[in-house]
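Comments concern the structure below.
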Amino acid sequence: MKKNWDLILGALLIIYIIFLSALSGTKFAFSEGIILIAVLLIIYHFIKDKLKKKKSLFKVLKIIVSLGLIFIVILEGFIITFPKKNTNNSEYILVLGAGLKNKTEPSLVLTERLNAALKNINDYGNTSYIVVSGGQGNDERISEAEAMKNYLVNHGVEESRIIMENKSTNTNENFKFSKEKIEEHSKKSINEVNVKIITTDFHSLRSSILAKNAGYENITIYSSRTKWYMAPVLYLREAFALVKSIIFDR
């Protein structure tokens with residue numbers, strides 16, 4: 001068993017990703033990174049004996065892997081400890097999209113975000129306008145924004161309070177295109193408007209960074225909680241997504 005830990009772990013990661021995608025009803029963004037790790041573990045299993053014979057190369061690989069793990073642990077520390085439960089009122093609530101299931105219904109992750117928005121409205125008395133942000137994927141019959149609006153209306157939110165942004169395809173675009181909607185609606189520059197961002201806990205730090213890059217200055221975060229069985233892969237993939245966003249999303 002100990003000798004085959006890499007093979008077993010690689011296979012379990014692949015099964016885990018397939019299971020979560022089926023359970024949530026949508027494909028996880030950046031799941032390719034987790035699959036790549038799984039494939040590398042499986043490849044490593046079959047070549048590790050040869051690598052061990054090349055002691056200098058094996059030592060370098062161990063150092064690289066160790067440094068990579070330390071870097072990921074540090075990133076996860078920032079992601080986990082980032083403040084994400086602000087309940088103050090705001091002028092606008094911005095709910096970030098997260099995929100649909102059955103082509104027309106919010107996925108599990110997106111449903112939790114919408115429930116977090118409802119909690120702010122019903123439990124904390126937030127009187128904001130609500131921006132629902134998300135475009136239509138190739139495998140979706142309607143936009144995420146429309147599905148989100150339908151969900152909120154069905155749960156008692158007045159349609160007149162909801163503003164749809166239905167063009168974005170990623171978090172960076174969520175903020176850029178929602179900025180246009182908020183500025184048009186409020187007749188103010190985005191840096192003059194107080195916006196509460198609704199997302200999932202693992203996604204809060206990256207959302208804050210991307211919002212500030214897009215010009216949002218007065219932001220607070222309120223996040224939904226990740227289901228325990230999804231947390232390992234979602235938090236791990238978020239470390240990769242965070243690096244990607246810092247380097248490429250401007």
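The values are calculated or read from the model by the stated rules, or taken from the named source; none is laboratory data. Please read these numbers as outputs of a predicted model, since none were measured by experiment. Positions of Cβ are generated from backbone atoms using ideal geometry, with glycine treated the same way; all protein chains shown enter the neighbour counts. SASA here: full protein model, heavy atoms, side chains in, ligands and nucleic acids out. Shrake-Rupley method; radii C 1.70, N 1.55, O 1.52, S 1.80 Å.
Given the structure, is Leu94 within 30 Å of Ile190 (Cα to Cα), at pLDDT 85 or above, open to solvent by less than 90 Å² (accessible area, probe 1.4 Å) and assigned to a strand (DSSP E or B)? Yes.
Here Ile246 clears all of (1) open to solvent by 30 Å² or more (accessible area, probe 1.4 Å); (2) β-branched (Val, Ile, Thr); (3) modelled with pLDDT of 90 or more except the condition numbered (3).
Residues that are modelled with pLDDT of 85 or more and open to solvent by 60 Å² or more (accessible area, probe 1.4 Å) were ranked within the stretch 8-25; the one that is farthest from the chain's Cα centre (by Cα) is Ile8.
Across the stretch 67-81, not a single residue is classified as in a loop (DSSP other than H, G, I, E, B) and open to solvent by 70 Å² or more (accessible area, probe 1.4 Å). State yes or no: is Ser207 hydroxyl-bearing (Ser, Thr, Tyr) and open to solvent by less than 20 Å² (accessible area, probe 1.4 Å)? In short, yes.
Of the residues Glu140, Glu112, which single one is among the acidic types (Asp, Glu) and part of a helix (DSSP H, G or I)?
After ruling out the rest, the residue left standing is Glu112.
For (1) in contact with an Asp or Glu (Cβ under 9 Å, 6 or more places away or on another chain); (2) hydrophobic (A, V, I, L, M, F, W, C); (3) under 29 Å from Lys181 (Cα atoms), each residue gets a yes or a no:
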{"residue": "Leu61", "(1), (2), (3)": "no, yes, no"}
{"residue": "Ser66", "(1), (2), (3)": "no, no, no"}
{"residue": "Phe71", "(1), (2), (3)": "no, yes, no"}
{"residue": "Phe78", "(1), (2), (3)": "no, yes, no"}
{"residue": "Thr81", "(1), (2), (3)": "no, no, no"}
{"residue": "Lys84", "(1), (2), (3)": "yes, no, yes"}
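For the stretch 131-172, filtered to residues that are over 19 Å from the mean Cα position of the chain (by Cα) and among the β-branched types (Val, Ile, Thr), the residue that is surrounded by the fewest Cβ atoms within 10 Å (Cβ to Cβ) is Val153.
Tell me, yes or no, whether the stretch 178-191 has at least one residue that is β-branched (Val, Ile, Thr), surrounded by 14 or more Cβ atoms within 10 Å (Cβ to Cβ) and at pLDDT 95 or above. The answer is yes; a qualifying residue exists.
If you go through the stretch 114-126 one residue at a time, how many are touching a Leu at 6+ places or on another chain (Cβ under 8 Å) and either modelled with pLDDT under 95 or open to solvent by less than 10 Å² (accessible area, probe 1.4 Å) (or both)?
Looking only at that region, the number is 2.
Does Leu152 satisfy the criteria of being assigned to a strand (DSSP E or B), modelled with pLDDT of 95 or more, within 22 Å of His185 (Cβ to Cβ) and of a type in the set (A, V, I, L, M, F, W, C)? When the stated conditions are applied, Leu152 does not pass them. Using the structure shown, decide if Ile209 is at pLDDT 95 or above, β-branched (Val, Ile, Thr) and under 19 Å from Glu91 (Cβ atoms). No, not satisfied. Evaluation of Asn102 against the conditions (1) buried (at least 18 other Cβ atoms within 10 Å of the Cβ); (2) touching a residue at least 60 places away in the same chain (Cβ under 8 Å) shows that the sole unmet condition is (1). Filtering the stretch 210-243 to residues that are touching a helix residue (DSSP H, G or I) at 6+ places or on another chain (Cβ under 7 Å), open to solvent by 30 Å² or more (accessible area, probe 1.4 Å) and hydrophobic (A, V, I, L, M, F, W, C) leaves Ile219, Leu236, Phe240.
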